[in-house]
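So that we are looking at the same thing, I have put the structure below in structure tokens.
The values are calculated or read from the model by the stated rules, or taken from the named source; none is laboratory data. A quick note: this is a predicted structure, and the numbers were derived from the prediction, not measured. Cβ: placed from backbone, ideal geometry, glycine included. Neighbour counts: every protein chain shown. Heads up: the accessible areas ignore ligands, DNA and RNA and are worked out on the full protein's heavy atoms, side chains in. Shrake-Rupley method; radii C 1.70, N 1.55, O 1.52, S 1.80 Å.
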Amino acid sequence: YGRRDFATVGLLGGLTYDSRDNAADATEGYYLDGQLEPFYELEYGNAVGRFVGEARAYYGFGDDNRIVAAARLKIGSVIGAPIAEVPPDKLFFAGGGGSVRGYGYRTIGVPAINGEVVGGRSLIEGSAELRARVTKSIGIVGFVDAGYVGAESFPGFNEDLKLGAGVGLRYLTG
């Protein structure tokens, strides 16, 4: 979209519920987070609303919860203005270690005319993983991630769903 200038004024509010037994290495519990950000973009004169919700669940089993099943779902939407009139930091991207592993950081988005990837107005991410502790500080994990970033405020699934799967080694520090 070339060079653009933005000026915004708004509010950010959210609610979080966290019953995980350990935020860094959960073996049981739930995490729910919702954020609502209404703002006004002054340069283009748009009233915009941005919503992001995320849910995570953890279930441990076996001796001392040595095996943990984990799942995550994240959704987001930007309503009220076209992509070109929303600041890039308010749009959604996916990809990278905390999103869809196997893709580069913020490389999943909406393809622009010039071939670049720009942020989108809707987001759906999900992941499922199975973790196993081999020793007190070493673990292995198998995972499947999926992500979608769309041009519209509500997913139309016009862009491809991106999938990533793999295995990893976990080192648990003190």
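Pick out the one residue from TYR59, TYR44 that is more than 18 Å from the chain's Cα centre (by Cα), in a strand (DSSP E or B) and hydroxyl-bearing (Ser, Thr, Tyr).
When all the criteria are applied, what remains is TYR59.
What number of residues within region 116-132 are modelled with pLDDT under 95 and open to solvent by 60 Å² or more (accessible area, probe 1.4 Å)?
Of the residues in region 116-132, 2 are modelled with pLDDT under 95 and open to solvent by 60 Å² or more (accessible area, probe 1.4 Å).
With the requirement that a residue be of a type in the set (D, E, K, R) and in contact with a strand residue (DSSP E or B) (Cβ under 8 Å, 6 or more places away or on another chain), what does region 115-159 give you?
Start the filter on region 115-159 by keeping residues that are of a type in the set (D, E, K, R), which leaves 116, 121, 125, 129, 131, 133, 136, 145, 152, 159.
Within region 115-159, ARG121, GLU125, GLU129, ARG131, ARG133, ASP145, GLU152, GLU159 meet the criteria.
Looking at this structure, is ARG106 outside any strand (DSSP E or B) and open to solvent by less than 70 Å² (accessible area, probe 1.4 Å)? It would help to see each step written out before you state the result.
On the way: outside any strand (DSSP E or B): yes; open to solvent by less than 70 Å² (accessible area, probe 1.4 Å): no.
Answer is no for this residue.
Any idea how many residues of region 134-156 are in a loop (DSSP other than H, G, I, E, B) and under 10 Å from SER122 (Cβ atoms)? Walk me through how you get there before you give the answer.
To start, the set of residues in region 134-156 that are in a loop (DSSP other than H, G, I, E, B) comprises 134-137, 151-156.
From what is left, the residues that are under 10 Å from SER122 (Cβ atoms) are 151-156.
Here the count works out to 6.
Within the set of pairs 6+ apart or on separate chains, which have a first residue in region 121-148 that is touching a residue at least 60 places away in the same chain (Cβ under 8 Å), a second that is open to solvent by 50 Å² or more (accessible area, probe 1.4 Å), and C-beta atoms under 6 Å apart?
Here the result reads ALA132/ILE67; ALA132/ILE140; ARG133/ARG66, each pair linking region 121-148 to a residue that is open to solvent by 50 Å² or more (accessible area, probe 1.4 Å).
State whether one or more residues within region 92-101 are more than 12 Å from the chain's Cα centre (by Cα) and surrounded by fewer than 20 Cβ atoms within 10 Å (Cβ to Cβ).
Checking region 92-101: not a single residue is more than 12 Å from the chain's Cα centre (by Cα) and surrounded by fewer than 20 Cβ atoms within 10 Å (Cβ to Cβ).
As an exercise: evaluate GLU159 against (1) part of a loop (DSSP other than H, G, I, E, B); (2) without any contact (Cβ under 8 Å) to a residue 24 or more places away in the chain and give the number of the one condition it does not meet.
Tallying (1) part of a loop (DSSP other than H, G, I, E, B); (2) without any contact (Cβ under 8 Å) to a residue 24 or more places away in the chain, GLU159 fails exactly one: (2).
Now, a different point. Need pairs with beta-carbon distance below 9 Å; first residue on the phi > 0 side of the Ramachandran plot and within region 30-56, second among the acidic types (Asp, Glu) and surrounded by fewer than 17 Cβ atoms within 10 Å (Cβ to Cβ); sequence gap 6+ or separate chains.
The qualifying pairs are GLY45/GLU85.
Within region 2-29, take every residue that is of a type in the set (Ser, Thr, Tyr) and surrounded by 14 or more Cβ atoms within 10 Å (Cβ to Cβ) and give me the one that is nearest to GLY119 (Cα to Cα).
Restricting to residues being of a type in the set (Ser, Thr, Tyr) and surrounded by 14 or more Cβ atoms within 10 Å (Cβ to Cβ), the top hit is THR8.
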